[in-house]
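Input: a single structure, listed below in structure tokens.
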Amino acid sequence: QGVHLELTEEEQSMLLKLGMAERGDCNCTECIALVMRTVLNRVESSRFSSTVRGVLYAQDQFTPVMDGSFDKAVPNDACYAALDLVIRGWDESQGALFYEFCEGESWHSKNLKLLTEHCNTRFYE
């Protein structure tokens, strides 16, 4: 928990915008932080790009990047609080590499291991 992440200004900005585009509406700092952590877990995984930009812009991965809402996102206070948590080393993501917002069965729920659920958002390995 004592790890302090070093993120560039661009990386911080991208995580803030993704947090807002994905979960800013729920205004839940922990849920937004889990979304941010999932991106960082991918950066740390050999299965994905080793940069925040590379992870976010990978083909067909993040709906807000694909539909343009990412570019228009204006982070709210919950997003800034979430980023602060993540930078200070908070991580309850259990290594999640995927997340989705849905109820019932989905491709994710049938093919991936559910790790945790928060604010109607499922996080998978």
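Does F48 satisfy the condition of being of a type in the set (F, W, Y) and in a helix (DSSP H, G or I)?
no
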query = Picking from G24, G89, which residue would you name as being in contact with a Pro (Cβ under 9 Å, 6 or more places away or on another chain) and either in a helix (DSSP H, G or I) or of a type in the set (G, A, S) (or both)?
reply = G24
request  = Can you confirm whether region 32-48 contains a residue that is over 19 Å from T121 (Cβ atoms) and free of Cβ contacts under 8 Å to residues at least 12 places away in the same chain?
outcome  = yes
Any hit, region 106-124, residues being closer than 25 Å to E10 by Cα, in contact (Cβ under 8 Å) with a residue 24 or more places away in the chain and part of a loop (DSSP other than H, G, I, E, B) = no
message = Looking only at region 13-57, filter to residues that are open to solvent by less than 30 Å² (accessible area, probe 1.4 Å) and among the basic types (K, R); which one of those is modelled with the lowest pLDDT?
response = R23
ask   = Quick one: S69 ticks every box in (1) closer than 21 Å to L5 by Cβ; (2) open to solvent by less than 90 Å² (accessible area, probe 1.4 Å) bar one, so which box is it?
value = (1)
Failed item in (1) of a type in the set (S, T, N, Q); (2) part of a loop (DSSP other than H, G, I, E, B); (3) out of contact with any strand residue (DSSP E or B) (no Cβ under 9 Å at 6 or more places or on another chain), with N41 passing the rest = (2)
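The values are calculated or read from the model by the stated rules, or taken from the named source; none is laboratory data. Only a predicted model underlies this, so the values are computations on that prediction, with no experimental measurement involved. All Cβ positions, even for glycine, are placed from backbone atoms using ideal geometry, and neighbour counts span all protein chains on display. Only protein heavy atoms, including side chains, enter the accessible area calculation; ligands, DNA and RNA are left aside. Shrake-Rupley method; radii C 1.70, N 1.55, O 1.52, S 1.80 Å.
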